[in-house]
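Quick notes on the structure that follows.
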Amino acid sequence: METAEIRRRWLSFFEGKGHTVVPSASLVSPDPTLLFTVAGMVPFIPYLTGREPAPFERATSVQKCVRTLDIEEVGKTTRHGTFFQMNGNFSFGDYFKEKAIPWAWELVTTPQDQGGYGFAVEDLWVTVYEEDDEAYRIWTRDVGVAPERVQRLGAGTNYWSTGGPGPCGPCSEIFVDTGPANGRDGGPAVDEDRYIEIWNLVFMEFERGEGGDKNSFPVLGELPRKNIDTGMGLERVAYLLQGKDNMYEIDEVFPVIEAASAMAGVRYGADHDADVRLRVVADHVRSGLMLVGDGVRPGNEGRGYVLRRLLRRAVRAMRLLGVEEPSLAQLTRVSAERMARSYPELEADLGRVVEVVGTEEESFRRTLVSGTTILDTAVRETKAAGGQQVPAARAFQLHDTYGFPIDLTLEMAREQGVTVDEQGFRELMTEQKERARADARSKRTGAAAVGAYRDVLSASGPTDWQAYTTLTTTSSVLAVVDGVDPVPSAEVGRVVEVVLDRTPFYAESGGQSADAGTLVWDGGSAEVLDVQRPVKGLVVHQVRVLDGEITQGLQCEAAVDPQWRVDACQAHSGTHVVHAALRQVLGPSAQQSGSYNRPGYLRLDFGWKGGLSAQQRRDVEDVANLAVRDDLPVSAQWMTLPEAKDFGALALFGETYGEEVRVVEIGGPWSRELCGGTHVRRSSQVGPLVVTGESSVGAGNRRVEAVVGVEGFRYLARERDLVAQLTELMGTSQGDLVGRVGDMVGRLREADRELARTRTERVLAAAGPLAAAPTDVFGVACATHDAGEVASADDLRALALDVRGRLGAERPSVVAVGGVAKGRPLVVVATNERAREWGVKAGALVRTAAGVLGGGGGGKDDLAQGGGADASRLGEALTAVEHQVGAAVTS
Ligand code: SER
């Protein structure tokens with residue numbers, strides 16, 4: 001049965017049981033505590049916890065998921081995929097175990113010709129949580145599964161949560177026995193390779209707190225309502241129903257294996273190691289496709305890093321298969337051809353996705369070469385020192401600077417017969433992570449105290465957020481948090497975090513920085529330093545108490561600094577204007593990948609290869625300022641996600657189905673973006689917009705920076721002052737300035753050239769006298785000379801060759817000349833053929849001289865050059881050359 005058919009039967013079965021069919025949410029998790037959507041339930045977390053009313057009581061979906069915890073297992077086992085799809089059915093306070101269990105059994109066992117999956121009852125096993133008598137009873141009594149086929153297991157396997165705070169509960173799993181050839185008898189309790197888990201039914205009744213592990217974690221209490229969350233692994237069911245050995249061979253994945261093996265000229269199934277690599281390629285290419293499709297771009301942190309790692313592992317696997325040429329773009333197309341059957345939006349976006357993947361491969365292939373050199377050097381040094389193990393610092397450098405996944409380093413070292421200090425590497429990684437975490441903690445208001453904020457949210461509900469409508473509110477202080485814990489109050493001088501019932505402050509998000517302002521109460525005030533939203537729905541202010549004491553329960557006036565807000569609006573609208581201008585000038589593929597704006601300043605990152613020309617930069621600035629002049633109306637409206645898509649709004653990543661989104665327009669269709677920020681009312685209020693820079697921020701990504709409003713004016717005023725100073729200095733008018741400076745630079749260059757010519761002539765003038773009176777060193781004519789200040793080593797080389805020519809070929813001769821170029825001592829040595837026959841070689845002599853100067857050098861036997869650091873020892877270095885000539889001919 002094709003994967004698409006399994007998916008279709010799933011949705012239609014549950015639709016028939018009164019479920020709303022919900023499209024897959026983005027892989028970019030809508031839950032801020034998760035990097036990716038790791039399960040079908042993630043988009044529904046607010047409904048499962050009861051924090052938001054569910055728009056439906058029953059839902060069903062096939063959700064795209066990414067999990068990379070078991071990335072090392074990919075390709076080696078039958079069932080680990082970094083990208084997979086989860087079929088799910090959900091009840092939000094509606095039905096519970098009594099329906100979820102029989103329905104699951106019905107769908108799994110109904111024969112295929114009657115619309116089910118047709119698994120044979122004798123192949124099926126079930127597990128339940130050891131204390132869940134109710135589920136056990138339903139399975140054995142109501143459904144009629146033989147009791148010996150229902151196993152009771154502990155919390156490690158049968159109590160499910162996302163791994164962090166959120167809804168949780170006991171679960172029950174359905175397994176398929178793949179036969180004695182694949183492992184031991186005894187059911188899933190004994191062997192999870194033979195018995196493949198296909199479906200997990202979670203009975204979500206409780207809320208998990210922070211801490212603990214999968215075997216034991218704090219349970220905070222019951223959820224307001226009992227929910228059902230089930231997840232069936234689409235790929236697992238597909239490989240079982242398609243009679244394949246593993247999930248990489250199903251119809252949606254195998255074409256990539258075929259394409260990769262054709263490129264590599266290997267036959268799948270002939271060699272175990274090659275097969276594993278082909279499966280890694282197929283899995284990672286598909287994950288890459290789906291992640292880039294959902295707007296993730298390769299980077300060095302968070303989601304971007306995970307994507308980068310996947311793509312680089314795929315490049316490396318292809319390389320180990322013997323494919324040196326770029327291949328990922330082609331393989332991505334093959335994967336997309338399959339995946340587009342379920343995700344048609346991939347087709348329209350394919351050009352961009354392939355470009356991102358190809359650029360990443362290109363950039364890794366570039367560092368692969370330098371990284372390989374670094375590793376080879378490290379291996380050589382290790383061996384030369386009699387060691388066996390490449391130091392951890394090198395592996396870390398390769399990882400950190402050249403983007404080498406550690407297993408690539410391990411593998412490459414192994415090929416050369418040495419190991420790598422992996423333990424040390426992991427310690428360095430942990431240190432780096434700790435640093436990053438500490439950094440994040442120190443930066444992000446509220447990040448440390450998420451637990452405390454969840455409590456406030458449960459007790460008082462979401463913040464009444466007034467940022468769009470007013471700049472001041474009368475508010476009461478719901479909580480004062482010092483570090484991690486709530487405190488009753490904080491006195492003068494303290495920096496604490498404050499939750500208000502109502503606030504006009506904009507919390508940093510969507511690239512817009514937080515508002516500044518004050519809290520004022522009877523007998524005290526505080527300055528607002530930062531505003532964040534550490535948990536959805538709750539706005540947290542980081543404040544410094546300026547006088548008095550801030551206390552829980554206090555009434556205060558929360559006031560945003562009005563000038564700050566005006567400037568912030570200018571910067572944010574300016575960002576949209578620049579984005580639209582960029583797309584107008586460069587075309588629609590110039591898509592924003594990130595942005596940041598604060599009063600007076602904005603920057604915008606966008607996918608684009610190569611720098612902008614001066615003309616393009618001017619055009620962008622011009623288009624932006626014309627839009628400002630045109631005084632376009634700016635408006636915001638709320639709509640559903642599909643409406644926003646139809647409307648053509650940009651940046652549709654990471655939104656959840658069911659939520660309303662906000663679309664901000666400037667001049668109607670001229671600029672339409674999904675955006676939660678604050679904006680000016682008309683484009684003219686942005687004021688002058690000056691592009692101040694355009695630079696690269698990683699492979700295939702550019703950054704435009706600009707200043708707006710009064711900062712834009714000031715920037716231009718500073719440039720005007722600069723021009724005024726220069727015209728005065730040059731004694732000319734503004735119109736003639738460039739010409740005058742150009743003339744001057746030209747004259748200076750000419751003078752420099754003249755000076756160099758004179759120097760060279762002076763240096764070369766020494767040739768005659770030098771050739772006339774060489775020193776005789778045991779029969780070798782030796783001419784040594786300190787030429788003093790020279791323009792470059794070229795002068796010394798010319799002199800050495802001139803003197804060698806004048807000394808003739810008859811008798812052995814050596815010329816050693818030294819000089820100082822730009823403060824650095826240099827030596828050039830030349831030998832004639834007779835001298836070389838006598839064993840006098842320029843390379844060795846230069847090394848001796850350079851050694852005296854505290855440096856190094858080298859070259860051929862007839863001409864060599866070196867340098868050092870200590871110019872005062874030049875005379876000594878030349879004498880050392882003479883001594884060595886003596887030693888060479890007498891030994
Ligand atoms: N949330 C559960 C899982 O991911 C069931 O959907 O396994």
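No lab work stands behind these numbers, since they all come straight from the coordinates. Bear in mind that the values here come from a model prediction, so they are computed numbers and not experimental data. All Cβ positions, glycine included, derive from the backbone under ideal geometry; neighbour counts span all protein chains shown.
Remarks
- Checked against (1) within 16 Å of the ligand (Cβ to nearest atom); (2) crowded, with 20+ Cβ neighbours inside 10 Å; (3) assigned to a helix (DSSP H, G or I), residue 156 meets all criteria but (2).
- Residue identified as within 16 Å of the ligand (Cβ to nearest atom), part of a loop (DSSP other than H, G, I, E, B) and surrounded by fewer than 21 Cβ atoms within 10 Å (Cβ to Cβ) among 68, 77: 68
- Positions within segment 777-800 being out of contact with any Lys or Arg (no Cβ under 9 Å at 6 or more places or on another chain) and within 18 Å of residue 811 (Cα to Cα), in sequence order: 777, 778, 782, 784, 800
- For segment 196-218, a residue qualifies if it is of a type outside the set (Asp, Glu) and within 16 Å of the ligand (Cβ to nearest atom), and the qualifying residues are 196, 198, 199, 200, 201, 202, 203, 204, 206, 208, 214, 217.
- Residues that are under 35 Å from the mean Cα position of the chain (by Cα) number at least 3 in the following strands (runs of 3 or more DSSP E) confined to segment 468-564: 472-482, 495-500, 524-535, 538-547.
- Within this structure, residue 627 fails the test of being buried (at least 18 other Cβ atoms within 10 Å of the Cβ), closer than 30 Å to residue 56 by Cβ and either in contact with a helix residue (DSSP H, G or I) (Cβ under 6 Å, 6 or more places away or on another chain) or of a type in the set (A, V, I, L, M) (or both).
- The C-beta contact set for segment 36-49 (first residue touching a residue at least 12 places away in the same chain (Cβ under 8 Å), second residue near the ligand (Cβ under 8 Å from one of its atoms) and part of a loop (DSSP other than H, G, I, E, B), distance under 7 angstrom, 6+ apart or interchain) comprises 38/162; 39/162; 48/41.
- From the list 704, 634, 628, 691, the lone residue that is in a helix (DSSP H, G or I), β-branched (Val, Ile, Thr) and farther than 26 Å from residue 36 by Cα is 628.
- Residue 240 over 15 Å from residue 280 (Cβ atoms), over 30 Å from the mean Cα position of the chain (by Cα), in a helix (DSSP H, G or I) and more than 16 Å from the ligand (Cβ to nearest atom): yes
- Boolean, residue 207 is touching a residue at least 40 places away in the same chain (Cβ under 8 Å), buried (at least 22 other Cβ atoms within 10 Å of the Cβ), in contact with a Pro (Cβ under 8 Å, 6 or more places away or on another chain) and over 23 Å from residue 80 (Cα atoms): yes
- Close contacts from segment 823-846, counting a first residue that is touching a residue at least 60 places away in the same chain (Cβ under 8 Å) and a second that is surrounded by fewer than 24 Cβ atoms within 10 Å (Cβ to Cβ), with Cβ to Cβ under 6 Å and a gap of 6+ residues or different chains, come to 840/888.
- Residues in segment 44-58 that are within 17 Å of residue 10 (Cβ to Cβ) and within 12 Å of the ligand (Cβ to nearest atom): 44 alone.
- No other residue among 319, 297, 341 is touching a helix residue (DSSP H, G or I) at 6+ places or on another chain (Cβ under 8 Å) and either part of a helix (DSSP H, G or I) or within 16 Å of the ligand (Cβ to nearest atom) (or both) apart from 319.
- Looking only at segment 219-235, and only at residues there that are within 16 Å of the ligand (Cβ to nearest atom) and of a type outside the set (D, E, K, R), the one that is farthest from residue 19 (Cα to Cα): 223
- Unique match (being farther than 23 Å from residue 172 by Cα and either assigned to a loop (DSSP other than H, G, I, E, B) or within 14 Å of the ligand (Cβ to nearest atom) (or both)) among 26, 91, 61: 26
Quick grid of which residues meet (1) over 21 Å from the mean Cα position of the chain (by Cα); (2) touching a residue at least 12 places away in the same chain (Cβ under 8 Å):
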position	(1), (2)
338	yes, yes
341	yes, yes
380	yes, no
404	no, yes
407	no, yes
425	no, yes
